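Heads up: the structure comes next, in structure tokens.
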Amino acid sequence: MHFLKSAAAVALLTGAYVVSAETTGEKGNAPVTENNSDRIVYEAIVQSDDVQSVRLNFTGTEDGVGVLVHACFTGISETQPGPYPYHIHDFVVGEGGNCTATGGHLDPYVRRDDPPCDPEAPETCEIGDLSGKHGKASEEASTGTWCTSYVDKYLSFDSEDVAFIGNDRSIVVHNANKTRIACGNIVLATSDYTGGGTAAPSPYSNATSTGEPPIATGGATKVGASGLVLGVILSISAMLL
Ligand SMILES: [Cu+2]
């Protein structure tokens with residue numbers, strides 16, 4: 001009886017060891033994120049000679065858990081083999097659209113990409129491995145448009161969180177051989193204060209109707225004035241000649 005109990009305990013421990021050794025990052029698994037406002041939108045537009053357009057939108061969720069991702073892939077060159085992996089990378093795109101400058105995947109828990117991400121256990125994957133967790137972009141993207149959407153529970157809108165996607169990160173699209181074929185920065189598209197309703201535009205339209213000069217008019221006046229000064233100078237020069 002004792003022997004059976006010990007054997008069971010050993011089996012349990014061994015099982016637990018195998019699972020954790022196989023999957024967990026050096027700093028553990030990624031926690032589920034909370035308080036991601038659905039009034040915040042980040043986006044990335046990814047283009048290159050080989051990629052007509054890849055657009056990703058990141059918005060908060062109604063209950064604030066995780067981030068809702070919409071992604072559409074259009075017109076990837078048929079010379080680039082699919083399906084196409086794509087990830088959040090650590091740094092912004094380099095000069096002249098240099099995708100190498102984006103560094104590696106966003107991976108604050110130091111999990112790395114080998115062995116490959118198990119989509120059944122997304123908390124064990126690299127935070128930035130979007131296609132590992134949710135599937136690669138289909139080859140349909142080379143003959144038309146292919147879109148997907150999902151909630152990723154491990155991305156964060158909290159600038160204090162290591163899983164924050166808004167601190168100068170980027171999206172890189174690869175071909176099936178892992179070559180980087182396009183990249184684009186993740187930028188803030190909408191934040192809380194503009195959220196909801198029609199209140200925001202009205203102060204601006206009021207300002208226009210009360211005759212307050214819009215900023216652009218002030219600029220134009222300045223240009224007009226300096227134009228006038230220039231004209232006078234030219235006239236004087238002409239007279240002296
Ligand atoms: Cu990548």
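For the reader, a short list of remarks on this structure follows.
- Each residue in Ile181, Ile88 was given a count of other beta-carbon atoms within 10 angstrom of its own, and listing them fewest first yields Ile181, Ile88.
- The ellipsoid that matches the Cα gyration tensor of the range 41-194 has semi-axes, each √(5λ) in whole angstrom, of 22, 17, 16, with the longest given first.
- Extension gain, Gln52 to Asn98, is 14.9 nm, computed as 0.36 nm per intervening residue step minus the present C-alpha separation.
- Cα centroid of the range 58-88 to Cα centroid of the range 30-44, whole Å: 15 Å
- Of Lys136/Lys178; Lys133/Lys153; Lys27/Lys136, pairs whose Cα-Cα distance is over 18 Å: Lys27/Lys136
- Residue order, fewest to most beta carbons within 10 Å, for Phe91, Phe164, Phe157: Phe91, Phe164, Phe157
- Sorted ascending by nearby beta carbons within 10 Å, beginning with the fewest, Cys72, Cys99 become Cys72, Cys99.
The numbers here are math on the coordinates, done by the rules we state, and not lab data. Just so it is clear, the structure is predicted and the values come from calculations on it, not from any experiment. As a convention, Cβ positions derive from the backbone with ideal geometry for all residues, glycine included, and neighbour counts pool all protein chains shown.
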